[in-house]
1. Can you go through His91, His77, His103, His60 and tell me which one is open to solvent by 30 Å² or more (accessible area, probe 1.4 Å) and under 16 Å from the mean Cα position of the chain (by Cα)?
2. Please determine whether any residue of the stretch 22-41 is touching a Cys at 6+ places or on another chain (Cβ under 9 Å) and open to solvent by less than 60 Å² (accessible area, probe 1.4 Å).
3. Going by the conditions given, is Thr44 within 15 Å of Leu144 (Cα to Cα), surrounded by 13 or more Cβ atoms within 10 Å (Cβ to Cβ) and among the hydroxyl-bearing types (Ser, Thr, Tyr)?
4. If a residue counts only when it is in contact with a strand residue (DSSP E or B) (Cβ under 8 Å, 6 or more places away or on another chain) and touching a residue at least 40 places away in the same chain (Cβ under 8 Å), which strands (runs of 3 or more DSSP E) contained entirely in the stretch 49-149 have at least 3 such residues?
5. Find all pairs meeting these conditions: Cβ atoms under 6 angstrom apart; at least six residues apart or on different chains; first residue within the stretch 1-30 and free of Cβ contacts under 8 Å to residues at least 40 places away in the same chain and within 29 Å of Leu127 (Cβ to Cβ); second residue open to solvent by 60 Å² or more (accessible area, probe 1.4 Å) and among the charged types (D, E, K, R).
6. Kindly provide the set of residues from the stretch 1-48 that are under 14 Å from the mean Cα position of the chain (by Cα), in a strand (DSSP E or B) and among the aliphatic types (A, V, I, L, M), ordered by number.
7. Only one of Leu136, Leu144 is aliphatic (A, V, I, L, M), open to solvent by 30 Å² or more (accessible area, probe 1.4 Å) and within 26 Å of Ala73 (Cβ to Cβ). Can you tell me which?
8. Among (1) under 13 Å from His60 (Cβ atoms); (2) among the hydrophobic types (A, V, I, L, M, F, W, C); (3) under 17 Å from the mean Cα position of the chain (by Cα), where does Val128 come up short?
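The values are calculated or read from the model by the stated rules, or taken from the named source; none is laboratory data. Because the structure is predicted, anything quoted here is derived from the model rather than measured. Cβ placement follows ideal geometry from the backbone for every residue including glycine, while neighbour counts extend to all protein chains displayed. The protein model used for the area step is the full one, side chains on, heavy atoms only, and it has no ligands, DNA or RNA in it. Shrake-Rupley method; radii C 1.70, N 1.55, O 1.52, S 1.80 Å.
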Amino acid sequence: MAVYFECVSRTSQSVQTLWDKSLNIDAHTESMKDSAERAVAGVTAGMIGLGEQVTWRATHFGVPLRMTSRITALEKHTSFTDEQLRGPFKHFRHVHEFIDCGHETVMIDKISFAAPWGPLGWLAERLVLSWYMPRLIRSRNSFLLGTVG
């Protein structure tokens with residue numbers, strides 16, 4: 001069984017500015033410094049693009065993790081999708097959407113994932129990951145929007 005959630009953020013930043021920040025490895029690293037997340041393979045700095053991949057190393061819940069993701073879809077200034085190739089999840093897919101509303105930009109994160117390990121994974125999804133992952137995305141978005149850090 002997969003977990004699915006959405007996070008909606010609004011900002012006065014332009015779509016292009018928010019787009020560039022969202023695809024920037026350095027901005028992602030800075031937004032995730034609490035988990036010591038860093039890019040260790042693939043695209044490790046600057047902008048990442050369609051078909052490119054990055055391997056992240058981070059620590060969550062005191063556990064060191066590695067996750068390799070690829071940008072599998074990209075429509076400039078409208079949306080892009082990153083999906084886990086290898087890592088801690090059975091599957092992980094993150095669709096980033098950007099909507100120019102004239103006076104503001106709306107960013108929508110649509111995330112689905114599943115934990116491995118059968119019934120134990122299902123329990124981890126329900127007890128921990130279903131609240132932890134949205135919190136992590138909201139924290140990242142606050143950084144990108146300039147409301148923290």
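1. From the options His91, His77, His103, His60, the qualifying one is His91.
2. No, there is no match, as no residue in the stretch 22-41 is touching a Cys at 6+ places or on another chain (Cβ under 9 Å) and open to solvent by less than 60 Å² (accessible area, probe 1.4 Å).
3. No: the conditions fail for Thr44.
4. 91-100, 105-114
5. What qualifies is Thr29/Arg38.
6. The answer is Val8, Ala39.
7. Leu136
8. (3)
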